[in-house]
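See below for the structure under consideration.
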Amino acid sequence: MLTPKDIDNLAQLARLDIPADEKETLRKEVDSILGYVSEIQKLSGTEVKKEVGEVRNVLREDDNPHLPGEFSEDLLAEVPHRQDNFVKVKKIL
Amino acid sequence: MNIDTNKLTITSAHKHLMSGDFSARELAQAYLDVIEKKNKDINAYLEVFDDVLEQATQADKRIASKKNVHLLTGIPLAMKDNILIKGYRCGAASKILEGYYATYDSTVARKLKETGAVFLGRTNMDEFAMGTSTENSAYGPTKNPHDTSRVPGGSSGGSAAAVAMGGALAALGSDTGGSIRQPASFCGLVGLKPTYGAVSRYGLMAMGSSLDQISPLARTMQDAETLFNSIRGLDPHDGTTISPDMYGVAEIPKKFVIGVPEEFAYSKGVSESVVKNFKESIERLKVLGCEIRSVKMHNLPYALPAYYIIMPAEVSSNLARYDGVKFGALEEGEDLMQDYFRTRGRLFGKEARRRIMLGTYVLSAGYYDAYYKKAVAVRNLIRQDFKNVFAEGVHAIATPTAPSPAFKIGEKINDPLQLYVEDIFTVTANISGMPAISLPSGFSLVDGKQLPLGLQLQAPHGREQYLFEIGKKFEKIRGEAE
């Protein structure tokens, strides 16, 4: 069973600011969903391989680079805060 | 000539365009008129593009020059709000992407542009494609054109409603666990989920990367096939794409064998009207000359719980990119860490936050083995169930598409689990990576309204053609195709 502390811990890991009045509802919901998905524990499936999909290697030559700055303006136009050709964030250190 | 957007199909519209019965501009205008009249009630479109008529004029030039004319030239289509078209707004119906304009073309948008198709606008959806009712949109729910007190299904509910209300000839959506097929079932349309990798995901906002596929919602099987053929294929931008002959070339059998996993199809929770309609569909398939075979697939009931572990796990990593730094909206805090917490905590909706929390849990140390690792093992068991049945000569598996007809807006929104159960029949195709289609199979009379129902068929990897062939026969005896 999930505790309120678990919810705080998960929210911290996921970088989510969960409003205080929503925490208890969220705890109950996530708890009941976990209860439901735990159904799969009933299956003994350890003997199966744990790969996802038909595994193939997809490689390409590292050539044909695009021109420097070709996409910079388009991408930087979407940045919330920008300074010249940089993404601007608040001071970290 | 008078344009009736409720009757036209891509095939018939193309003929009219070619014989000059109407121009692409007149056709686009007819759709804009319907949208103008109906969208305020239905809320299928989040935005109608302001250059629709210009796009149509370009298509007209192409048709007049008789060069490079494609079946889709001048065909008005709707695009789900999680598929990028360069220079247009795109937001996955989320506040966290408020103000975002696509910086590049998705591969599907590029391919459709090459055909000369006309983009009408972007359609409403559950935020980041998470939901089965379109009620999780940050911009209000979409309503079902067959009964506006009911949901159109989800997450591609806006795309489905746009086509069903006569506001687009067809639409693209995305399907991670049933997000095209369930809305198709609720709105009386054809909805395809292709083989994983058949269509490039480049430029589709990722939800569950090992499950997502882009695909069409259309009025007829032929239209769905036309659209699918226009967007499929290998793409250097998406390493998971496959060439059309990756799984060999299918020979169309003289007699289709259709497997029915009876225990699963008639499990509890499936509404009476759906069971009755499904039995009728099976009888119709027999009339069409298909052999019906009862099959046992014991692991199918575990597909849904496995899905609700794998998908949120992938969601929690995919949605980490929305941080208020690189693009989209920012909710300012005191420092960078608070920027992250506020942006993500306040601009993601409830369902997005719920799934991020769930995914973080099932991937966390100590729980990984019991949940994620186990779910991946179950995924292989389910894939094996299908492979075994197909190896015995079965060409497709039939189930209902959804356990009930369209439900009321607000009826299930406070119980996430009840909404999750909507996916019970559809997730198996995403879990196995196999193609599946929902076809209109009739109606259920509820409170005086005719609500559409759907039949789902799932085929082996790379065998979309089986689905199209069976579907075309099935739709003929329903007598509804134009």
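The values are calculated or read from the model by the stated rules, or taken from the named source; none is laboratory data. Not measured: the values here are computed from a predicted model. Backbone-built Cβ (ideal geometry, glycine too); neighbour counts: all protein chains shown. To get the accessible areas, we keep the full protein, side chains included, count just its heavy atoms, and leave off ligands, DNA and RNA. Shrake-Rupley method; radii C 1.70, N 1.55, O 1.52, S 1.80 Å.
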Checklist line | Segments B:75-83, B:304-312 sorted - mean Cβ within 10 Å per residue, highest first | finding: B:75-83, B:304-312
Notebook entry, point to check: In whole percent, how big is the carbon plus sulfur part of the accessible area of chain A, probe 1.4 Å, protein atoms only?
Noted result: 54 percent
Check: Just counting partner chain Cβ atoms within 10 Å, what average do the residues of peptide B:313-326 show around their Cβ?
Finding: 2
Check: Per-residue mean of other chain beta-carbon atoms within 10 angstrom of the beta-carbon, peptide A:11-23?
Finding: 6
Check: What is the percent of Cα-Cα separations in the range B:10-231 that go past 22 Å?
Finding: 43 percent
Check: When you count, for each residue, the other Cβ atoms within 10 Å and take the mean per peptide, how do B:257-270, B:202-215, B:353-366 rank with the highest first?
Finding: B:202-215, B:353-366, B:257-270
Next item on the list: Evaluate the Kirkwood expression for the hydrodynamic radius of the range B:151-283, namely the inverse of the mean inverse distance over all pairs of different C-alpha atoms, and round to one decimal in Å.
Entry: 16.4 Å
Notebook entry, point to check: Cα gyration tensor of chain B, axes a ≥ b ≥ c as square roots of the eigenvalues: rounded (a/c below 1.5), prolate (a/b > b/c) or oblate?
Noted result: rounded
Next item on the list: Over chain B, with every protein chain in place, what whole percent of the accessible area is carbon and sulfur at 1.4 Å, could you tell me?
Entry: 50 percent
Item checked: Delta accessible area of at least 40 Å² on complex formation, residues of the range B:95-136, 1.4 Å probe, chain isolated as reference -> B:THR103
Next item on the list: On a C-alpha basis, how far is the centre of the range B:267-295 from the centre of the range B:454-470 in Å? Whole number, if you could?
Entry: 16 Å
Check: In vacuo Debye scattering of the range B:56-145, one point per C-alpha: log10 I(q)/I(0) at q = 0.20, 0.21, 0.24 Å⁻¹?
Finding: -0.92, -0.97, -1.11
Next item on the list: Beta carbons within 10 angstrom, averaged per residue: use that to sort the peptides B:63-73, B:119-129, highest first.
Entry: B:119-129, B:63-73
Note to self: Under the rule a/c < 1.5 gives rounded, and otherwise a/b versus b/c splits prolate from oblate, where does chain A land using the Cα gyration tensor?
What the structure shows: oblate
Notebook entry, point to check: Which translational diffusion coefficient, to the nearest whole µm²/s, is obtained for the range B:364-450 from the Stokes-Einstein equation, given a Kirkwood hydrodynamic radius over C-alpha pairs, 25 °C and 0.890 mPa s?
Noted result: 153 µm²/s
Margin query: Tell me the angle of helix A:4-13 to the major Cα principal axis of chain A, expressed in degrees between 0 and 90 and rounded to the nearest ten.
Written below: 20 degrees
Note to self: A drop of at least 40 square angstrom in accessible area, chain alone versus all protein chains together, probe 1.4 Å. Which residues of the range B:341-364 meet that?
What the structure shows: B:PHE341, B:ARG344, B:ARG353, B:ARG354, B:MET357, B:LEU358, B:THR360, B:TYR361
Margin query: At 1.4 Å probe radius, can you tell me the per residue accessible area of the protein assembly as shown in Å²?
Written below: 41 Å²
Checklist line | Value at 222 nm in deg cm²/dmol, rounded to 500, when DSSP H runs of n ≥ 4 in chain B each add -39,500 (n - 2.57) | finding: -11500 deg cm²/dmol
Notebook entry, point to check: Of B:LYS255/B:LYS387; B:LYS80/B:LYS268; B:LYS38/B:LYS476; B:LYS254/B:LYS296; A:LYS5/B:LYS408; B:LYS193/B:LYS476, which ones are farther than 26 Å apart at the Cα?
Noted result: B:LYS80/B:LYS268; B:LYS38/B:LYS476; A:LYS5/B:LYS408
Item checked: For B:SER200, residues with placed amide H under 5 Å, excluding near neighbours -> B:GLY233
Check: For the range B:405-465, what are the per-bin percents of Cα-Cα distances with bins 10 Å wide, up to the bin holding the maximum?
Finding: 18, 37, 34, 10, 0
Note to self: If amide hydrogens are placed 1.01 Å from N in the peptide plane, which non-local residues have theirs closer than 5 Å to the one on B:ARG293?
What the structure shows: B:ILE258, B:GLY259, B:VAL260
Check: Considering every residue in B:78-87, what mean count of other chain Cβ atoms within 10 Å of its Cβ is obtained?
Finding: 0
Check: Quick one: if you take sqrt(5λ) for each eigenvalue of the C-alpha gyration tensor of the range B:137-207, what semi-axes come out, biggest first, whole angstrom?
Finding: 21, 13, 11
Check: For chains B and A, what's the summed buried accessible area, probe 1.4 Å, to the nearest 100 square angstrom?
Finding: 4900 Å²
Check: How far is helix A:23-37 tilted off the main Cα axis of chain A, in degrees rounded to 10, range 0 to 90?
Finding: 70 degrees
